[in-house]
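Just so you know, all these numbers are worked out from the coordinates, no wet-lab data involved. What you see is a predicted model, and the numbers here were worked out from it, not measured in a lab. Here Cβ is always computed from backbone atoms with ideal geometry, including for glycine, and neighbour counts include all displayed protein chains.
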Amino acid sequence: CLFLKPDAKMLSTEGMVRYAKKADAKEFVVATEVGILHRLSKEAPEKTCIPVKPDAICEYMKRITLEKVYLSLKEMRHVIRVPEEVAQKARRALEAMVAVG
């Protein structure tokens with residue numbers, strides 16, 4: 001989530017970065033895991049990002065490493081099955097992210 005007075009925007013991580021970079025506003029209030037603040041300050045150094053909750057850290061995100069992702073994909077570990085309806089929505093979101101890159 002990235003909030004800008006008076007508009008509130010709910011965006012993905014990439015969406016937050018793109019929005020902060022192109023927006024005319026110089027200050028943003030960010031309501032998500034604080035790990036994004038480093039990237040925002042790196043990619044939009046002229047902008048100020050204020051966390052809603054400075055200690056908002058997702059313990060589960062911190063457990064994910066490139067090595068773990070690699071091994072999971074290589075060895076098909078940790079397979080997660082979801083209903084097809086959910087999978088279709090997730091697939092659309094992933095395809096949209098890949099199309100942007």
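Residue check: is PRO83 farther than 14 Å from THR13 by Cα, loosely packed, with under 14 Cβ neighbours inside 10 Å and not β-branched (Val, Ile, Thr)? If you could, list the steps in order and put the result at the bottom.
Values: farther than 14 Å from THR13 by Cα: yes; loosely packed, with under 14 Cβ neighbours inside 10 Å: yes; not β-branched (Val, Ile, Thr): yes.
The answer is yes for PRO83.
Considering only residues that are crowded, with 16+ Cβ neighbours inside 10 Å, in a helix (DSSP H, G or I) and of a type outside the set (Ser, Thr, Tyr), which ones fall in segment 19-36? Scanning segment 19-36 gives ALA20, ILE36.
Quick grid of which residues meet (1) of a type in the set (Ser, Thr, Tyr); (2) out of contact with any strand residue (DSSP E or B) (no Cβ under 6 Å at 6 or more places or on another chain); (3) in contact (Cβ under 8 Å) with a residue 24 or more places away in the chain:
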| site | (1), (2), (3) |
| --- | --- |
| VAL34 | no, no, no |
| LEU37 | no, no, no |
| ALA44 | no, yes, yes |
| ARG63 | no, yes, no |
| LEU66 | no, yes, no |
| MET76 | no, yes, no |
| LEU94 | no, yes, no |
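Of the residues LEU94, LEU73, which is part of a helix (DSSP H, G or I), of a type outside the set (Val, Ile, Thr) and either surrounded by 11 or more Cβ atoms within 10 Å (Cβ to Cβ) or within 14 Å of the chain's Cα centre (by Cα) (or both)? Give the steps one after another, and end with the answer.
Values: LEU73 fails: either surrounded by 11 or more Cβ atoms within 10 Å (Cβ to Cβ) or within 14 Å of the chain's Cα centre (by Cα) (or both).
Result: LEU94 is the single residue among LEU94, LEU73 that is part of a helix (DSSP H, G or I), of a type outside the set (Val, Ile, Thr) and either surrounded by 11 or more Cβ atoms within 10 Å (Cβ to Cβ) or within 14 Å of the chain's Cα centre (by Cα) (or both).
Filtered by the rule that a residue be exposed (fewer than 10 other Cβ atoms within 10 Å of the Cβ) and assigned to a helix (DSSP H, G or I), segment 51-70 gives MET61, ARG63, LEU66, GLU67.
Restricting attention to segment 43-50, does a residue exist that is surrounded by 10 or more Cβ atoms within 10 Å (Cβ to Cβ) and either out of contact with any Asp or Glu (no Cβ under 9 Å at 6 or more places or on another chain) or assigned to a helix (DSSP H, G or I) (or both)?
Yes, segment 43-50 contains a residue that is surrounded by 10 or more Cβ atoms within 10 Å (Cβ to Cβ) and either out of contact with any Asp or Glu (no Cβ under 9 Å at 6 or more places or on another chain) or assigned to a helix (DSSP H, G or I) (or both).
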